[in-house]
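Enquirer: Below is one structure. I have some questions about it.
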Amino acid sequence: MDKQKFAFDKTNFIFLAIGMAIVILGFVLMSGPSSTETAFEPDIFSARRIKVAPAVCFSGFVSMIYAVLRKPKTKK
């Protein structure tokens, strides 16, 4: 098949995979114990869960958007 017919090249898929891994890492950073009706868990307000993890997820989404919008190099 002719490679010119594909919308993405190998680099686009690599950026997509890296972006998805960063988003997954952000969601893992957000996870942790939750509060119940009988016990309050103060860790839900930690900086890791309310500042760092959303920033990591946002950077992953930005890299995925870049991967989709990136135009593959054309070979002559």
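The values are calculated or read from the model by the stated rules, or taken from the named source; none is laboratory data. Since we're looking at a predicted model, the values are computed, not measured. Here the Cβ positions follow ideal geometry from the backbone for every residue, glycine too, while neighbour counts run over all protein chains shown.
Enquirer: Identify, please: which residue in segment 2-21 is assigned to a loop (DSSP other than H, G, I, E, B) and exposed (fewer than 11 other Cβ atoms within 10 Å of the Cβ) and is, among those, modelled with the highest pLDDT?
Expert: Ala7
Enquirer: Quick one: count up the residues across segment 47-56 that are loosely packed, with under 13 Cβ neighbours inside 10 Å and of a type in the set (A, V, I, L, M, F, W, C).
Expert: Number of matching residues: 3.
Enquirer: Filter segment 22-46 for residues that are among the aliphatic types (A, V, I, L, M) and surrounded by 12 or more Cβ atoms within 10 Å (Cβ to Cβ); which is farthest from Cys57 (Cα to Cα)? Even if it seems obvious, please write down each step before you answer.
Expert: Within segment 22-46, the subset among the aliphatic types (A, V, I, L, M) is 22-25, 28-30, 39, 44.
Now drop any that are not surrounded by 12 or more Cβ atoms within 10 Å (Cβ to Cβ), which leaves 22-25, 29-30, 44.
On the way: Ile22: 6, Val23: 4, Ile24: 8, Leu25: 8, Leu29: 9, Met30: 10, Ile44: 17 Å.
That would be Ile44.
Enquirer: Filtering segment 18-49 down to residues that are among the hydrophobic types (A, V, I, L, M, F, W, C) and more than 16 Å from the chain's Cα centre (by Cα), which residue is nearest to Phe8 (Cα to Cα)?
Expert: So the residue we want is Ala47.
Enquirer: Scan segment 67-76 and give yes if some residue there is in contact (Cβ under 8 Å) with a residue 40 or more places away in the chain and hydroxyl-bearing (Ser, Thr, Tyr), otherwise no.
Expert: yes
Enquirer: Next question, about the same structure. Quick check: anything in segment 54-61 touching a residue at least 40 places away in the same chain (Cβ under 8 Å) and either in a helix (DSSP H, G or I) or under 12 Å from the mean Cα position of the chain (by Cα) (or both)?
Expert: Looking through segment 54-61, at least one residue is touching a residue at least 40 places away in the same chain (Cβ under 8 Å) and either in a helix (DSSP H, G or I) or under 12 Å from the mean Cα position of the chain (by Cα) (or both).
Enquirer: Right, next: Search segment 12-39 for residues that are over 29 Å from Lys73 (Cα atoms) and pair each with any residue that is in a helix (DSSP H, G or I) and among the basic types (Lys, Arg) when their beta-carbon atoms are under 8 Å apart and the residues are at least 6 apart or on different chains.
Expert: Leu29/Arg48; Leu29/Arg49; Met30/Arg49; Gly32/Arg49
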